[in-house]
Number of protein chains: 2
Amino acid sequence: MRAMSLDVTVGTGPLAEAAAQLLRLLPVRAHQPALAGVLLRADAEGLELAASDGEAWARVRVNATAHTDGEAAVSRRALADTLATLDAPQLRLCTEGARLAVRTDRARFALPRLDLDSFPRPPQAPAAVGVLAGADWRAAAAVAGAASREDALPLFTAVRMRSAGAVVSMLATDRFRLAAARPAWSPEPGAELDVLVPAALVAELGRQAGRSAEVRLHAEEGRFALSWLGWTVGTTSLAVAFPDRQLDQLLTAQAEATVRVDADELAAAVGRAAHYAGPRGAVTLELGDGELCVRGSDPLSGESSETLKADLLGDRLTRQYQARYLLDALRPFAGRQARLEIQSALRPTAFTAASPEPGVDLRYLVVPLRPADTTHHA
Amino acid sequence: MRAMSLDVTVGTGPLAEAAAQLLRLLPVRAHQPALAGVLLRADAEGLELAASDGEAWARVRVNATAHTDGEAAVSRRALADTLATLDAPQLRLCTEGARLAVRTDRARFALPRLDLDSFPRPPQAPAAVGVLAGADWRAAAAVAGAASREDALPLFTAVRMRSAGAVVSMLATDRFRLAAARPAWSPEPGAELDVLVPAALVAELGRQAGRSAEVRLHAEEGRFALSWLGWTVGTTSLAVAFPDRQLDQLLTAQAEATVRVDADELAAAVGRAAHYAGPRGAVTLELGDGELCVRGSDPLSGESSETLKADLLGDRLTRQYQARYLLDALRPFAGRQARLEIQSALRPTAFTAASPEPGVDLRYLVVPLRPADTTHHA
């Protein structure tokens, strides 16, 4: 028997932050109120917020003093919006008939309560499989940016995560570019990780959990979760086969030319050349002795040509890329020297840090454009 | 006979800023290349950039060393985009056949030149009529925010500017709210100002010219211009009759109640109540003794009620407003106490600074909503 009423005093700041983070982790898409809601449960241990969008779910604990243990569910957007700018140091949440009241000294906000019986209860997290440093998780989760935003092919909207000894392999691709990271972890004895997690969730988990000193991975039977500092967030692993072997092969570059260049300088030059890249967005990189030339050319926009200092090892090759993929591939190496390994013909170019740092081993692949190809990447 | 070539050396920063400001003043709307272009003219005095979108026009002088005097025209967006992130301290602009080249030590950007013969030459500024302090201009130009964004009724998309002795009267309205300012100015002897200027241009001129110590107004025969620090920007006055008398009458409020309240506190409370304001966006202000209550109520969103400290003089009235109009009306008084003068029935409520400051005399009117009116402001 659930207590249908609730009365709890809680700090405004921590609750507002939890509500805002929950909304970012589980953005409201569904029209079903229950999938757009948040379940609040007060008990002797404090206040728990829990929500699910039907696929992913999240729980977080907030310190609170319960006057009456119980549960209530409201819209998670309404809760986050109401709390966002409240400056009272603490507030009281209490059920009042069909409403959940948010009360401060001088204000009362009455949110319509959602039906508890039809409210989806987030599952418990699967078993813990290992621990990563928060900063490594944050850096590695950035691979999610290489996934596709379109839902047509679920395979390309996910981040593939597998345990591989002392590292976790994380990889995402939309077919035109691929990002991979291998953050070090401390696995539980005998634990394995073998999941395919929606990229948008991984990206948000990178931002949120990455601020914690460490994060814990959980996984079993097609389920995945991450926990840190009072939070547990999980989802079902996508049930599609991932072409692991082909993609792993792609990652072993056989460079015909290797260039070392300042990532920020190259990104700035590519950004300028993009204005001359025409409707295809095609920017040309031309390797020379001690330099790298960035070119754009389009009948309508005109031509650009910019030369950067760069260390070249190998052949003086020329490749064309989509400007925005180059910019994405350079972003993780901002403030550092990047290494570009250029392969034969249309095999992908690999972007890595010129001075590899321990911990994450980030690698970005971008497939060059076919010269004067007007159909590719349409 | 115009020199069809041009060769000039110019500082990158000042030129990039001029190109960016020009693009903001005259955003590219037209498909006609000439109306989306900028004319560059180099001579012994430096470099002049000039452009027109068919209605408004702008000129700016940049210090430069001309090697060959002459003219060239290119897309103003392309010029601004190319210069935006260039970090070379100076650059050379020179015509090269059908291109205008932007050259730095290590880069060349070749912009397609536009036809000079069909390029619209901005007119000279009309005669100067007076001078305002830049900060006063900036504060007064904010009245542009009360104009309508829709073009259906040109009258409501403009700022009415008239000289009135020692002040300039500036006023804009979209029928549901009205903003008026009366900045002090130093007029030329016998000079008059009587124009109707597009609000979007006034708003941008407030941001840009408002950083200057002073700005000069120019006007004659249905034309208006503003000049400051190397810039002159002008436009045709809209040729529609403005209901000056009716609007001036609106500005003399006969308050049934006057409230003094912290503008930021009220804006924050209105912002929170807006989440409970329903599809009409209706927020209620309820005057009480020493307090002001802000309420929102909607069958779907729930109810909110928040009480602020406020000094009341007069009757304990209740009025309903559109939340976003309240927020707009409070923004100019951020960080200060605002005075609300509430009139009878549906006559507009006046928002002013509780402690009037000399110089600008900003006043904002908001028409209350008809209670339970579901068609108003649709």
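The values are calculated or read from the model by the stated rules, or taken from the named source; none is laboratory data. Worth saying up front: this structure is predicted, and the values here are computed from it rather than measured. Neighbour counts are summed over all protein chains in view; Cβ atoms, including those assigned to glycine, are modelled from backbone coordinates with ideal geometry.
If you check A:THR85, A:THR95 for being touching a residue at least 60 places away in the same chain (Cβ under 8 Å) and either within 14 Å of chain B (Cβ to nearest Cβ) or out of contact with any Lys or Arg (no Cβ under 7 Å at 6 or more places or on another chain) (or both), only one passes: A:THR95. Taking the listed residues B:ALA16, B:ALA34, the one that is in contact with a helix residue (DSSP H, G or I) (Cβ under 7 Å, 6 or more places away or on another chain) and either at pLDDT 95 or above or assigned by TED's automatic domain parsing to the domain that holds B:ASP105 (or both) is B:ALA16, with no other qualifying. A single member of A:LEU114, A:LEU132, A:LEU178 is in contact with a Pro (Cβ under 8 Å, 6 or more places away or on another chain) and within 14 Å of chain B (Cβ to nearest Cβ), and it is A:LEU114. Do we find a residue being buried (at least 20 other Cβ atoms within 10 Å of the Cβ), modelled with pLDDT under 95, outside the structural domain of A:ARG175 (by TED's automatic domain parsing) and more than 32 Å from the chain's Cα centre (by Cα) anywhere in the stretch A:300-311? Checking the stretch A:300-311: at least one residue is buried (at least 20 other Cβ atoms within 10 Å of the Cβ), modelled with pLDDT under 95, outside the structural domain of A:ARG175 (by TED's automatic domain parsing) and more than 32 Å from the chain's Cα centre (by Cα). B:VAL131 meets the conditions (1) in a strand (DSSP E or B); (2) crowded, with 23+ Cβ neighbours inside 10 Å; (3) not hydroxyl-bearing (Ser, Thr, Tyr) in every case but one. The failed one is (2). All of (1) touching a Ser or Thr at 6+ places or on another chain (Cβ under 8 Å); (2) free of Cβ contacts under 8 Å to residues at least 24 places away in the same chain; (3) closer than 19 Å to A:ARG223 by Cβ hold for A:LEU193 with one exception: (2).
Elements of the type strands (runs of 3 or more DSSP E) sitting completely within the stretch B:1-114 and holding at least 1 residues that are β-branched (Val, Ile, Thr): these cover B:7-11, B:37-43, B:56-62, B:64-68, B:70-75, B:90-96, B:99-103. When you check A:VAL259 against the structure, is it buried (at least 19 other Cβ atoms within 10 Å of the Cβ) and in contact (Cβ under 8 Å) with a residue 24 or more places away in the chain, yes or no? Taking the combined requirement at face value, the residue satisfies it. Number of residues in the stretch B:290-332 that are hydroxyl-bearing (Ser, Thr, Tyr) and more than 14 Å from every other protein chain (Cβ to nearest Cβ): the value is 3. Summed over the stretch A:348-376, the residues that are buried (at least 17 other Cβ atoms within 10 Å of the Cβ) and either of a type in the set (A, V, I, L, M) or in a loop (DSSP other than H, G, I, E, B) (or both) give a count of 13. Of the residues contained in the stretch B:324-338, one or more are found to be part of a strand (DSSP E or B), surrounded by 16 or more Cβ atoms within 10 Å (Cβ to Cβ) and either modelled with pLDDT of 95 or more or on the phi < 0 side of the Ramachandran plot (or both).
Close Cβ contacts (under 8 Å, 6 or more residues apart or on different chains) running from residues in the stretch A:321-345 that are in contact (Cβ under 8 Å) with a residue 60 or more places away in the chain and more than 12 Å from A:ARG363 (Cα to Cα) to residues that are part of a strand (DSSP E or B) and of a type in the set (Gly, Ala, Ser) comprise A:GLN322/A:ALA282; A:ARG336/A:ALA353; A:GLN337/A:ALA353; A:ILE342/A:ALA257; A:ILE342/A:GLY314; A:GLN343/A:ALA350. Check B:THR374 against each of (1) modelled with pLDDT of 95 or more; (2) out of contact with any helix residue (DSSP H, G or I) (no Cβ under 7 Å at 6 or more places or on another chain); (3) over 17 Å from B:ALA180 (Cα atoms) and name the one condition it does not meet. Unmet condition: (1). Of all residues in the stretch A:52-82, those satisfying the criterion of being among the small types (Gly, Ala, Ser) and more than 14 Å from chain B (Cβ to nearest Cβ) are A:SER52, A:GLY54, A:ALA56, A:ALA58, A:ALA64, A:ALA66, A:GLY70.
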